[in-house]
Amino acid sequence: MAQALAGLEMPEDPRLLVGINTADDAGVFLLADGLALVQTVDILTPMVEDPYIFGRIAATNSLSDVYAMGGEPLTVLNVVGFPAPMDKSILREILRGGQDTVREAGAVVVGGHTFNEKEIKYGLAVTGKIDPRRIITNAGARAGDVLILTKPLGIGVYTQAVLTLDEVDQEMEKAAIAAMMRLNRKPAEIMVRCGADAATDITGYGFLGHLQEMAEASQVGVRVFADKVPILPRARELANTLIDPGVMMNESSFGGKVEWKGVVPDELKNLLWESESSGGLLIALNPERVAEFQDLARENGVQSWVVGEVVEGKPGTIEVI
């Protein structure tokens, strides 16, 4: 994307509080004192067979970018690519799943757009609100901050298992679907309450790709504790044979600024690089607020893991130990 945007004139408007220059999760536009819009759009192709579950996952994934900024989604537009000859009851189930998730988020479906496509694609264009004094971007991480992740990795491996194996391990499937369908609403509320310095959600660029963008935007280095990163059941043992296509793409794009310290197994490297669908929030938090965050997370049924730290260093560099 950086190559595609190179040479384009960046939008300039004093009301544009967060634009595309730091590769953040959503745009933020000031409406009035104390009120700004936060906007994003995203689509996915199916990674599960059940159209209703796919609809819920795709909607959760789209809403996540608003949560990553600390915002509250208000309205959504469905964005649908669907093969014209296909049974329309499948589309109905996808939309029903999306609508149920939007309702869970406290937002409203106000319309959308469909187009004829060879394969199914579905997602949302989301508009939310945010207090312009409390925007959490990917550019605010500070040396000394602790890195917290709120969902396990391994969705890429799970997706490859669905595509290639006759039968998917039931424990893995249950955990993967539950994670992808779980809104980032609660962890977002907690991180705002705890004064997070920066955040992003883990999706197509993988854990290391999105972390590199945060480190670059924040002008800091980061250190990852590889053995502390949560992984879906069975994903690690399958990660060397069921390799997500995102591994090569993300490593090619971001690998130049990653340094592997000690012995990090290849399967774990693959998991750190793979693309995730509807992943968790990656939050940079003052170490004095970590205990408070974890207590609130437990009280609200939110998973959280300390997976690294922000350090003084060359901007954008990642050390994996």
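Bear in mind these aren't lab numbers, they're just calculated from the coordinates by the rules spelled out. Keep in mind the model is a prediction, meaning the values are calculated, not measured. A quick note on method: Cβ atoms are made from the backbone with ideal geometry, for glycine too, and the neighbour counts reach across all protein chains shown.
Things to note:
- Residues of the stretch 299-321 with amide N under 20 Å of the 7 Å Cα→Cβ point at Phe225: 299, 302-313, 318-321
- Compared with the alpha-carbon gap, the fully stretched path from Glu259 to Leu8 is longer by 87.2 nm at 0.36 nm per residue.
- The charge dipole of the stretch 146-320, taken about the Cα centre with unit charges on the Cβ atoms of Lys, Arg (+1) and Asp, Glu (-1), comes to about 340 debye, rounded to the nearest 20.
- Cα lying deepest toward the dipole's positive end in the stretch 2-130, options Gly97, Gly71, Thr22, charges on Cβ: Gly97
- Gyration tensor (alpha-carbon) shape descriptor, the stretch 174-321, a/c threshold 1.5: oblate
- Estimated FRET transfer efficiency (Glu189, Lys121; beta-carbon r; R0 30 Å; 0.05): 0.50
- Helical content alone sets the calculated 222 nm signal of the chain at -10500 deg cm²/dmol, taking -39,500 (n - 2.57) per DSSP H segment of four or more residues and averaging over every residue.
- Cross-linked pairs Lys88/Lys174; Lys88/Lys129; Lys118/Lys228: Cα-Cα separations exceed 29 Å for Lys88/Lys129; Lys118/Lys228.
- The stretch 103-245 - Debye-derived log10 I(q)/I(0), Cα point model, q = 0.13 Å⁻¹: -0.78
- Per-pair calculated FRET efficiency, R0 = 35 Å: Arg92 and Asp166 via Cβ, rounded to 0.05: 0.75
- For the stretch 2-130, alpha-carbon Rg and Dmax in angstrom: 15.9, 49
- Were the residues from Arg133 through Arg298 laid out at 0.36 nm apart, the gain over their Cα-Cα distance would be 56.7 nm.
- Sorting Val41, Val224 by the number of Cβ atoms found within 10 Å of their own Cβ, with the fewest placed first, yields Val41, Val224.
- Given +1 at the Cβ of Lys and Arg, -1 at the Cβ of Asp and Glu and no other charges, the dipole of the stretch 13-67 around its Cα centre is 100 debye to the nearest 20.
- Simple point charges give the picture: +1 on the Cβ of Lys and Arg, -1 on the Cβ of Asp and Glu, and for the stretch 2-130 a dipole about the Cα centre of about 380 debye.
- Cα lying deepest toward the dipole's positive end in the chain, options Ala84, Gly246, Ile231, charges on Cβ: Ala84
- All C-alpha pair distances within the stretch 95-178, sorted into 5 Å bins from zero, spread as 2, 8, 12, 12, 16, 19, 15, 9, 4, 1, 0 percent across the bins.
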